[in-house]
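Working notes for the structure below.
Read the figures in this text as sums done on the coordinates, not as results from a lab. If you're wondering where the values come from, they're calculated on a predicted model, not measured in any experiment. Methodologically, a virtual Cβ is constructed for each residue, glycine included, from the backbone with ideal geometry; neighbour enumeration extends over all protein chains shown.
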Amino acid sequence: MGSYHPEAPERLNAISDHLIAQGLDSYFVYHDAPLATFQQLKRVHTAAHLERVKRASPELGIFHLDPDTAMNRHTWQAALRAAGAGVLAVDLVMSGAVENAFCAVRPPGHHAERATAMGFCFFNNIAVAAAHALAAHNLSRVAVIDFDVHHGNGTEDCFRGEPRVLMVSTFQHPFYPYSGTESRAPNMLNVPLGRGTDGEEFRRVVSDLWMPRLYDFQPEMLFISAGFDAHYEDEMGGLRLLEKDYAWVTEQLKQLADECAQKRIVSMLEGGYSLSALARSVAAHIRVLAEL
């Protein structure tokens, strides 16, 4: 997105390098993501939005859709592939080829609303994946869990009032995108956290608020918007989570999936801009998913 932009290619490099350095890379099966189709994207986005983003793709240089969200000549394909990763992950999990999947993707997605690109996001990757599970695999209940430091306004916009989807989230508030606390739909459990909230309070929210609601819903598949910018080293936000907190919440969700969802989990990378903290947190998250 341009020099010095935090949503940079180095994010994925840091994750890959850390997995190799920790000797974890050999435990996983890797897949190249396909391009999402317009049919798959239109389950959660308007056709006008897709055409608008496609037309904005520049042949040279950088074009800003808003002050935070910019495109170069590769962005259109990258955004299609990021959304396609979730679709492929759903198909792999539903076929039984894999038990769960983590999608290391850029650009992220959870701020992309039905008709708006924003917050570094063009298409709502996690919403596209969840909608694919409902439409292509005939699931009747899926849950979206979002622990990014920013509220997943786009995911809420895509699924507000959809009874087949339960979304639970934590996020720093007040903070960008300054949403999530008003006009909540009955299928949304948004829990705002004040600046400085640490892992102990986060765990209390998960245990006391998230998990009872999730178990009552009995999801058939879990989708995790895995943003790691609530880490205390990440200057993008002001929360104070640690790798052990991400491992712990993943353990809770994995147990839920074991009991309710035939172990089905698709996790997709959202935020996380302190490269070392991001890499360590992703490793903690996928160690639990892979039971390493």
Taking Tyr176, Tyr27 and counting other beta carbon atoms within 10 angstrom, the fewest-first order is Tyr27, Tyr176
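Looking at the calculated P(r) for the range 184-292, what percent of the C-alpha pair distances fall above 16 Å?
Tail of the P(r) past 16 Å holds 60 percent of the pairs.
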If you project the alpha carbons of the range 10-289 onto the principal axes, what extent comes out on each, in Å, largest first? 48, 43, 39
Taking 8 Å as the Cα distance limit and 6 or more residues as the minimum spacing, I'd like the relative contact order of the chain as a percentage. 19
Can you tell me, using C-alpha contacts under 8 Å and at least 6 residues apart, the relative contact order of the range 168-292 as a whole percent? 26
Could you pull the Cα extents of the range 126-248 along its three principal axes, largest to smallest, in whole Å? 41, 27, 22
Under a plain spin-label model, where a point goes 7 Å from the Cα along Cα-to-Cβ, how far apart in nm are Glu182 and Leu35? 4.0
May I ask you to derive the FRET efficiency for Asn72 and Ala97 from their Cβ-Cβ distance with R0 = 22 Å, giving the value to the nearest 0.05? 0.05
Take the alpha-carbon centre of the range 268-292, take the same for the range 1-64, and report the distance between them in whole Å. 17
Fewest-first ranking of Tyr232, Tyr273, using other Cβ atoms within 10 Å as the exposure measure: Tyr232, Tyr273
What ranking of Lys254, Lys42 emerges when the number of other C-beta atoms within 10 Å of each C-beta is taken as an exposure proxy, fewest first? Lys42, Lys254
Please identify the helices of the chain, taking whole runs of DSSP H, that span at least 20 Å along their own axis as judged from the Cα atoms and have a mean Kyte-Doolittle score of -0.5 or higher. 75-95, 275-289
Looking only at Ala14, Ala97, Ala133, which one moves most when the chain is put into a Gaussian network model with springs between Cα atoms under 10 Å? Ala97
Over the Cα atoms of the range 1-66, how large are the radius of gyration and the largest Cα-Cα distance (Dmax), in Å? 16.9, 45
